[in-house]
Amino acid sequence: MKKTLLSLFLLLLNLFAFSSSRKLKLFHDQTVLLELKSSFSDPHGVLSSWDPNTSNHCSWFGVSCNTDLRVVSLILDEARLGGEISPAVGSLSEIRVLSLAFNNLGGQVPNEIWGLKRLQILDLQGNDFRVQRKLTSLNGEEEEEESPSSESSDKTGLYPIEIASIVSASVIVFVLLVLVLLFIYTRKRKRNSQVVQVVEPKEIKVFVDDVIPLTYESIVRATGYFSNSNCIGHGGFGSTYRAQVSPNNVFAVKRLSVGRFQGDQQFHAEISALETVRHQNLVVLVGYHASETEMFLIYNYLSGGNLEDFIKERSKPALDWKILHKIALDVARALAYLHDQCSPKVLHRDIKPSNILLDESHNAYLSDFGLSKLLGASQSHVTTGVAGTFGYVAPEYAMTCRVSEKADVYSYGIVVLELISDKRALDPSFSSHENGFNIVSWAHMMLSQGKAKEVFTRGLWETGPQDDLVEVLHLALKCTVDSLSIRPTMKQAVKQLKRIHPSRL
């Protein structure tokens, strides 16, 4: 028993030590990046996202990390940076790619760079460095000055003709090796190209014809280099930024977390498959960029914000039953299209108010459709362990991780309940009830107590029509029942909502 307790204690001690060491390394990498930022001059605010108050430095512009959140890539090409490179860069022990090409950097290249053992790619061209050594290798080894042939003969014990023979043989072997590798690479690339066309680095793949020419540089520049001032939303897949490319062309750019998605080919294949998914109530996917260091999706920008903000900022338009009915019907139509008219069907798996966008006329558009498939089997963007957001995930999906279109129906029912009431899915006012009490439990409780009118947001019940309000309430509750066979399909939900005519008000 004592040995078991001692072993357990040692295990916990090791885990604590490992966790502490990992946190120190993460903090260390962030400190190094901030030291680099202080050594640069940044007149255009390219590094504005490098904020010490941000917990995850891996989301900073130009920075990519591995699964341990250690910096493995720093790419700041054409960022119009000045100043010098801080010697602190030599402390990024896991970095493999360092590219600062075509900036206005000067001074000396720090010797510490040559001590980066994992560094594979170094690109410092297009700057004004004072180089005092020959940059012949990444480990900083200098080429020896060529000695006269007689001295070479004395040192090696070989005559020039013998040296020439050895060099010639080495060159022939090297050329043959290069040809073999080139042949293997060509065959592999040809085979891969039959599966999917891979987008080359810094290329924008565009799905829409009637759009201005888009480049990687124009999109990133329009987001302010992913500055916080242009950030319009955060989600499980990443942050979304407003990008005004020209006076009449504004886009929403969803920057994905590199390293959290499946392999490059699978990513390109899944995104390309969304090119054909088009519906009047789905946000238009304009294009995307994906490389080892950066991934983002480009959508049409909608000026009306999202449904979550609309619900929070209840105002007179929010009390208009016509608008609420239209929003519920628009979302239902989008889901019915994904479930019944797409082949194969598309399951959203993360339906919530923040993923429903509005235009100025309160037309609703569903976003983030198809993105859950991009996550690998071991990846999740929520604490539930499944692709979804706590409070909106169907109980059977949360327990078994087996998803069907009825899981989307459940989430839709939760959204409708939030739309017509003043409660959130997991409202703080529910804390006094038992565990598991949510907006569905609350709505059932109100109905059982004969307080149906108290379910609806202030003023909505009085403006009516009350029969239609009750019918929509019952539809939302039917969508959230535990039995999958009782839940309606989204096609049936659309049919029921269309029978209600707010126009008669």
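In the calculated pair distance distribution of the stretch 307-504, what percentage of Cα-Cα distances lie above 31 Å?
On the way: 2630 of 19503 pairs.
Value for the stretch 307-504 (Cα pairs over 31 Å): 13 percent.
Restriction of the trypsin sites (Lys or Arg not before Pro) in the stretch 396-437 to DSSP coil positions whose beta-carbon has at most 16 other beta-carbons within 10 angstrom yields 402. To the nearest 0.05, what FRET efficiency results for residue 210 and residue 117 with a Förster distance of 45 Å applied to their C-beta separation? Calculated value: 0.35. At full extension, residue 431 and residue 445 could sit 3.5 nm farther apart than now, given 0.36 nm per residue minus the alpha carbon distance. Note on the stretch 205-300: semi-axes of the ellipsoid equivalent to its C-alpha gyration tensor, largest first and rounded to whole Å, are 19, 17, 13.
With distances taken between every two different alpha-carbon atoms, the stretch 289-368 has a Kirkwood hydrodynamic radius of 14.1 Å.
Charge tally around residue 44: other residues with Cβ under 10 Å, Lys/Arg +1 each, Asp/Glu -1 each, net +1.
Can you tell me how the stretch 21-129 classifies by the Cα gyration tensor, rounded, prolate or oblate, using a/c under 1.5 as the rounded cut?
Values: a/c = 1.76, a/b = 1.27, b/c = 1.39.
In terms of gyration-tensor shape, oblate.
Under 11 Å from a label point set 7 Å out along the Cα-to-Cβ vector of residue 41, the amide N atoms of the stretch 53-94 belong to 81-84. Based on the alpha-carbon gyration tensor of the stretch 459-501 and its eigenvalue square roots a ≥ b ≥ c, which shape applies: rounded if a/c is under 1.5, prolate if not and a/b is larger than b/c, or oblate? It is oblate, given that a/c is not under 1.5 and a/b is not larger than b/c. Net charge of the neighbourhood of residue 289, taken over other residues with C-beta under 9 Å away and scored Lys/Arg +1, Asp/Glu -1, is 0. To the nearest Å, what is the center-to-center distance of the stretch 431-458 and the stretch 88-118, using C-alpha atoms only? The two parts, judged by their Cα centres, are 59 Å apart.
Any chance you could check the Cα centroid distance between the stretch 464-485 and the stretch 207-244 for me, in angstrom? Answer, in whole Å: 38.
Rounded to the nearest 20 debye, the dipole size of the stretch 21-129 about its Cα centre is 460 debye, using +1 on the Cβ of Lys and Arg and -1 on the Cβ of Asp and Glu.
Peptides 408-417, 467-476 ordered by packing proxy, namely the average of other Cβ atoms within 10 Å per residue, highest first: 408-417, 467-476. In the stretch 392-505, taking the dipole from charged Cβ atoms about the Cα centre, the farthest positive-side position among 393, 413, 433 is held by 413. When each of the peptides 491-500, 237-246, 79-88, 115-124 is scored by the mean number of other C-beta atoms lying within 10 Å of its residues, the order from highest to lowest reads 237-246, 79-88, 491-500, 115-124.
Once the piece of chain linking residue 360 and residue 108 is laid out straight, how much longer is it, given 0.36 nm per residue of separation minus the C-alpha distance between them?
Details: separation 252, 0.36 × 252 = 90.72 nm, distance 5.39 nm.
Result: 85.3 nm gained on full extension.
So if we plug the beta-carbon distance of residue 31 and residue 246 into 1/(1 + (r/R0)^6) with R0 = 41 Å, what FRET efficiency do we get, rounded to 0.05? Provide the component values of the computation, followed by the final result.
Working: r = 39 Å, r/R0 = 0.95.
Step by step, r from the Cβ atoms, then E = 0.60.
Give me the dipole magnitude in Debye, nearest 20, for the stretch 307-504 about the Cα centre, with unit charges on the beta carbon: positive for Lys and Arg, negative for Asp and Glu. Kindly include the intermediate steps, with their values, before the conclusion.
On the way: 24 positive and 23 negative charges, 91 e Å.
It comes to approximately 440 debye.
For the stretch 205-300, a simple Cβ point-charge model (Lys and Arg +1, Asp and Glu -1, everything else neutral) yields a dipole of about 320 debye relative to the Cα centre. Highest-first packing order for the peptide set 283-290, 304-311 is 283-290, 304-311, based on the mean count of other beta carbon atoms within 10 Å. Rounded to 0.05, the FRET efficiency of the residue 232 and residue 177 pair, given R0 = 51 Å and the Cβ-Cβ distance, is 0.45.
Here, each number is a calculation from the coordinates, and none is a lab measurement. Source: prediction; values computed, not measured. In this analysis, Cβ positions are derived from the backbone assuming ideal geometry, glycine residues included, and neighbour counts consider all displayed protein chains.
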